[in-house]
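Here the structure is laid out as structure tokens; the discussion comes afterwards.
Each reported figure results from applying straightforward, stated rules to the coordinates on display, with no laboratory input. None of these values were measured; they are calculated from a predicted model. A quick note on method: Cβ atoms are made from the backbone with ideal geometry, for glycine too, and the neighbour counts reach across all protein chains shown.
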Amino acid sequence: MRTQNVAARTNSIPINTLIGSLALAALSFVLTSCSSIDGKTSEYVGVPHYSHTDPGQVAILRSEPTRPHERVGEMILFPSIAPAPAVHDVEKKLRKEAAKIGADAVIVLYDGIHPTEAAVSGPYANQSVQTMTGHQLIAVAIKYKAG
């Protein structure tokens, strides 16, 4: 009888181990639900295509520079809202995307949160519309002209 009791205790999971396992699972869920920054970059047609530049040298501007330049492309970023990425991470992504198309700088045209989708639910006579919001950043990539 005593050996059965020992075997039963060996197969049971101590409460501390169970709580620790649940805490570890919760922590891994939180870590996998981190912020994100999706985006699209487009080079313009009919303009010269440049080799990659150093992302660390790409300037982020809020208005058009007076220095002569040409527009080489544009990018749209979609940073997550909850949780939102750090501003530094958004700027890093913007620089990286601009550098891929040879830009010297980017001009931020729009950076804000606005409705991105709508969902209609309910019966025909009593429908409701729910809107979802998203963060969007639109920028134009430029290359400075020599001289």
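Modelled label positions at Ala82 and Tyr124, each set 7 Å beyond Cα in the direction of Cβ, lie 3.5 nm from each other. Given their separation in residues at 0.36 nm each and the Cα-Cα distance between them, Asp89 and Lys145 gain 17.3 nm when the chain is fully extended. Rounded to 0.05, the FRET efficiency of the Lys40 and Ser63 pair, given R0 = 25 Å and the Cβ-Cβ distance, is 0.60.
Neighbour counting of Cβ atoms within 10 Å sorts the residues Glu43, Glu74, fewest neighbours leading, into Glu43, Glu74. Across the stretch 35-144, Cα-Cα distances exceeding 18 Å account for 54% of all pairs. Multiplying the residue separation of His52 and Glu117 by 0.36 nm and removing their Cα-Cα distance gives an extension gain of 19.9 nm.
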